[in-house]
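The values are calculated or read from the model by the stated rules, or taken from the named source; none is laboratory data. This is a predicted model, so every value here is computed, not measured. Here the Cβ positions follow ideal geometry from the backbone for every residue, glycine too, while neighbour counts run over all protein chains shown.
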């Protein structure tokens, strides 16, 4: 009985559309972004629009160009973001309820994650 249930569930486990992906997922997973963008006119992702996917692809292409043009500068920007995040984290511990600082911290954290995702995608042996 369990064997039959597993056979019925298996096709859904391998499908990208079994799990709805949000905008943040696509901004951090360039490979899945490219796949979703190729299928977008025919198969529309649930959580994001085709226009949003196109914006994320443009941002990813800018980061790819930046990495290919000057890997050292790209790495220096990653280090600078990490340093800024460390300083902001210290400030956030000392200052409570600072919404502007928290928003800036979250934005820098997202930029760092995007840059690291591009490095992982292009420079990692496993991609």
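Return yes or no: is residue 89 under 21 Å from residue 119 (Cβ atoms) and in contact with a helix residue (DSSP H, G or I) (Cβ under 9 Å, 6 or more places away or on another chain)? Walk me through how you get there before you give the answer.
On the way: under 21 Å from residue 119 (Cβ atoms): no; in contact with a helix residue (DSSP H, G or I) (Cβ under 9 Å, 6 or more places away or on another chain): yes.
The answer is no for residue 89.
Considering only residues of segment 11-30 that are surrounded by 10 or more Cβ atoms within 10 Å (Cβ to Cβ) and in a helix (DSSP H, G or I), which is modelled with the lowest pLDDT? Before you say what the answer is, go through the steps one by one.
Taking segment 11-30 as the starting set, the residues that turn out to be surrounded by 10 or more Cβ atoms within 10 Å (Cβ to Cβ) are 12, 16-30.
Remaining after also requiring in a helix (DSSP H, G or I): 12, 23-28, 30.
On the way: 12: 44, 23: 75, 24: 78, 25: 84, 26: 79, 27: 78, 28: 80, 30: 82.
My answer is 12.
Tell me, please, whether a residue that is surrounded by fewer than 11 Cβ atoms within 10 Å (Cβ to Cβ), at pLDDT 90 or above, farther than 19 Å from residue 122 by Cα and under 22 Å from the mean Cα position of the chain (by Cα) can be found in segment 32-48.
No; the residues of segment 32-48 include none that is surrounded by fewer than 11 Cβ atoms within 10 Å (Cβ to Cβ), at pLDDT 90 or above, farther than 19 Å from residue 122 by Cα and under 22 Å from the mean Cα position of the chain (by Cα).
Filter segment 103-127 down to the residues that are surrounded by 14 or more Cβ atoms within 10 Å (Cβ to Cβ) and free of Cβ contacts under 8 Å to residues at least 60 places away in the same chain and list them by number.
Across segment 103-127, the qualifying residues are 104, 105, 108, 109, 111, 112, 115, 116, 119, 120, 122.
Since residue 66 meets every condition but one in (1) modelled with pLDDT under 90; (2) within 17 Å of residue 117 (Cα to Cα), which condition does it not meet?
It is condition (1) that residue 66 fails.
Take the residues in segment 50-65 that are closer than 18 Å to residue 39 by Cβ and within 12 Å of the chain's Cα centre (by Cα), then tell me which one is surrounded by the fewest Cβ atoms within 10 Å (Cβ to Cβ).
57
Identify, please: which residue in segment 92-113 is assigned to a loop (DSSP other than H, G, I, E, B) and in contact with a helix residue (DSSP H, G or I) (Cβ under 8 Å, 6 or more places away or on another chain) and is, among those, modelled with the highest pLDDT?
As a first pass, look at segment 92-113 and keep what is assigned to a loop (DSSP other than H, G, I, E, B): 95-98.
Remaining after also requiring in contact with a helix residue (DSSP H, G or I) (Cβ under 8 Å, 6 or more places away or on another chain): 95, 98.
Values: 95: 76, 98: 79.
Selected residue: 98.
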